[in-house]
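Structure, as structure tokens:
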């Protein structure tokens, strides 16, 4: 697919949305088509565009496979020590999978503008935070029962870093910009930073939710 789609950096062409140029597959398998960059939302083509797409894919694959493997091990050896952790991981993994499918069909109702609607902002924020939580819960399934630093702090930090990586992927995709959830101070960039206060809050929320989940699971295990 990548050999059939070429994005150039000069000029602009009217498209329904910037995502069409990334997801479009020519119906003629041997015909090459060329798209132009769409204003600020798409810079010159770079493989770095795929950073957050690969991140999402890896998180989905490893978390879902770990659920299957974990439950299989539990049934085979009748060891139910990780039952609660695996159940929570299954819930977060399926919820994130559902958000991914929703995003594929609707793009969270984005219109191609940097400033998005309230509905789109809520869905995107939920998606970003849930990605981090899913990753953190996955990591916590291997630190279950250890000391608080390992069982709570490490998954929370991994969750924060994953959400941050997702933001960086979006920033690369949008040519050094991020979607804006509004026009007030809370949604404006902080000085020279691309991040707005709301973006930093979403990143911290993903780590906070992960920490609360890990704390609850480890308390029950104790």
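A few notes on this one:
- Taking other Cβ atoms within 10 Å as a rough exposure proxy, 171, 166 sort from fewest to most as 171, 166.
- Residues 96, 142 arranged by fewest to most Cβ contacts within 10 Å: 142, 96
- For the range 47-221: relative contact order, % (alpha-carbon pairs under 8 angstrom, 6 or more apart): 26
Every read-out reported here was derived from the displayed coordinates using simple, explicitly stated rules and does not represent laboratory data. Please read all numbers here as calculations on a predicted model, not as lab measurements. For neighbour counting, all protein chains shown are included, and Cβ atoms are generated from backbone atoms with ideal geometry for every residue, glycine included.
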